[in-house]
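Undergrad: Here it is, the structure in full.
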Amino acid sequence: MLISIIVPLYNEETNISILHEKVSNVFLNLSHQFEIFFINDGSTDQSLNVLKSLSERDEHVKYISFSNNFGKESAMYCGLEQCNGDAVIIMDSDLQHPPEIIPKMIQLHEDGYNQVVALRNRQNESFIKKIPAKVFYKLSRYMIDVKLKSGEGDFRLISKEVVNSILKMTEYNRFSKGIFEWVGFSKTTITFEHQERNDGHSKFSVFKLIDYAIDGIISFNNKPLRLCFYFGGITMFVCLLYIFITFINILLHGIAEPGYFTIISAILFLGGLQLFSLGVIGEYIGRIYYETKDRPKYIIEQTNLKAHK
């Protein structure tokens with residue numbers, strides 16, 4: 001069985017060689033063939049040169065280098081398109097995903113599971129990262145049609161059947177956590193301890209994580225649009241009730257002194273509600289806009305593949 005290891009990376013020149021050595025050492029004790037697909041997502045450091053050097057010394061190393069930074073989702077999709085494995089393992093390049101659990105993942109796959117998901121134990125994770133994650137996963141229970149589990153990420157083994165199913169989903173705006181759950185197939189998990197990155201710094205800022213969460217919520221349902229409908233209906237009911245009460249009060253007591261606070265509050269509340277609803281609708285329209293452009297998800301600038309798909 002051929003195992004393809006897909007490693008998206010961006011500016012990870014100091015970690016590539018260490019990851020390559022660890023993965024290679026793991027397969028020394030396994031009977032399976034393997035290939036490591038490094039997807040260089042437009043790095044601006046020496047990552048590409050490191051990949052070229054590794055590929056010259058080790059035939060197991062394949063690399064694809066993008067012409068620009070297209071994002072991790074595009075890099076993963078490219079790896080799935082170009083790899084040849086009977087099973088595929090997706091992992092990060094910063095060594096937060098320990099290669100040592102790869103044999104266990106392969107064993108579980110051979111036991112019949114199409115998805116073997118590495119579940120991260122968040123016990124050693126910083127408090128600052130834990131809170132937003134908890135908030136997102138609690139919201140996802142009500143806002144996303146697929147079930148997401150805290151700690152489950154991109155680090156997983158998937159069978160060829162799962163890969164083929166994912167490649168049929170050709171949308172431009174991708175949220176892989178949701179896609180993995182949506183395609184289904186038999187699944188099990190294996191827990192690993194949270195690891196700090198080996199070197200460098202995370203490419204995900206707070207704002208990028210917020211954007212990623214919004215992508216997840218919007219990509220798999222229309223509930224935010226339904227929420228706007230509910231907000232609009234409730235607001236209309238409250239406004240009609242207020243008008244009715246005010247009208248009755250005028251009939252009983254006459255016209256009182258105009259209420260500045262009431263007018264300003266109503267204007268601000270309705271204005272804020274309208275802007276919020278337009279923002280949600282705009283997110284969906286924006287995604288439709290990008291999908292209709294039908295642009296490629298990535299552009300390959302350099303590769304050591306003899307003929308890429």
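Undergrad: Of the listed pairs 22/72; 62/187; 104/306; 177/306; 187/293, which have alpha-carbon separations greater than 25 Å here?
TA: Values: 22/72 22 Å; 62/187 28 Å; 104/306 32 Å; 177/306 31 Å; 187/293 35 Å.
Distance filter (> 25 Å) returns 62/187; 104/306; 177/306; 187/293.
Undergrad: For the stretch 1-119, what ratio Rg/Rh do Cα atoms give with a Kirkwood hydrodynamic radius? Don't skip to the answer; put the middle values down first.
TA: Working: Rg = 13.6 Å, Rh = 14.4 Å.
Ratio of gyration radius to Kirkwood radius: 0.94.
Undergrad: Say R0 is 30 Å: what FRET efficiency, to the nearest 0.05, do residue 21 and residue 68 get from their beta-carbon distance? List each step's numbers first, then the result.
TA: Details: r = 29 Å, r/R0 = 0.97.
It comes to 0.55.
Undergrad: Taking 25 Å as R0, compute the FRET efficiency from the Cβ-Cβ separation of residue 170 and residue 284 and round it to 0.05. Numbers along the way, then the final one.
TA: Values: r = 19 Å, r/R0 = 0.74.
With a Förster radius of 25 Å, E is 0.85.
Undergrad: Would you kindly derive the ³J(HN,Hα) couplings of the stretch 30-44 from the backbone phi angles with the Karplus curve 6.51 cos²θ - 1.76 cosθ + 1.60 (θ = phi - 60°), listing them in order in whole Hz, with x for Gly and Pro?
TA: With the stated coefficients, the stretch 30-44 comes to 10, 8, 7, 6, 8, 9, 10, 9, 8, 10, 7, 8, x, 4, 9 Hz.
Undergrad: Please sort by residue number the chymotrypsin sites (Phe, Trp or Tyr not before Pro) in the stretch 67-120 whose DSSP state is loop and whose Cβ has at most 11 other Cβ atoms within 10 Å. Can you show the working numbers first?
TA: Working: sites: 70, 77, 113; in loops: 70, 113.
Sites meeting the loop and neighbour criteria: none at all.
Undergrad: Oh, and also: Using the Karplus curve 6.51 cos²θ - 1.76 cosθ + 1.60 with θ = phi - 60°, work out ³J(HN,Hα) for each residue of the stretch 4-20 in order, rounded to whole Hz, and write x for Gly and Pro.
TA: Karplus values, whole Hz, x for Gly and Pro: 9, 9, 9, 10, x, 8, 8, 6, 10, 4, 7, 9, 4, 5, 5, 4, 4.
Undergrad: Oh, and also: Stretch residue 100-residue 1 to full length: gain in nm at 0.36 nm per residue minus the Cα-Cα span? Working shown, then result.
TA: Details: separation 99, 0.36 × 99 = 35.64 nm, distance 1.87 nm.
This chain segment gains 33.8 nm when fully extended.
Undergrad: Calculate, in nm to one decimal, what residue 300 and residue 191 gain on full extension: separation in residues at 0.36 nm each, minus their alpha carbon distance. It would help to have the intermediate numbers written out before the result.
TA: Values: separation 109, 0.36 × 109 = 39.24 nm, distance 3.47 nm.
Taking 0.36 nm per residue and subtracting the Cα distance, the gain is 35.8 nm.
No value in this document is a laboratory result; all are computed from the given coordinates. This structure is a prediction, so every number in the text was calculated from the model and none was measured. Cβ sites come from the backbone with ideal geometry, for glycine too, and all protein chains shown count toward neighbours.
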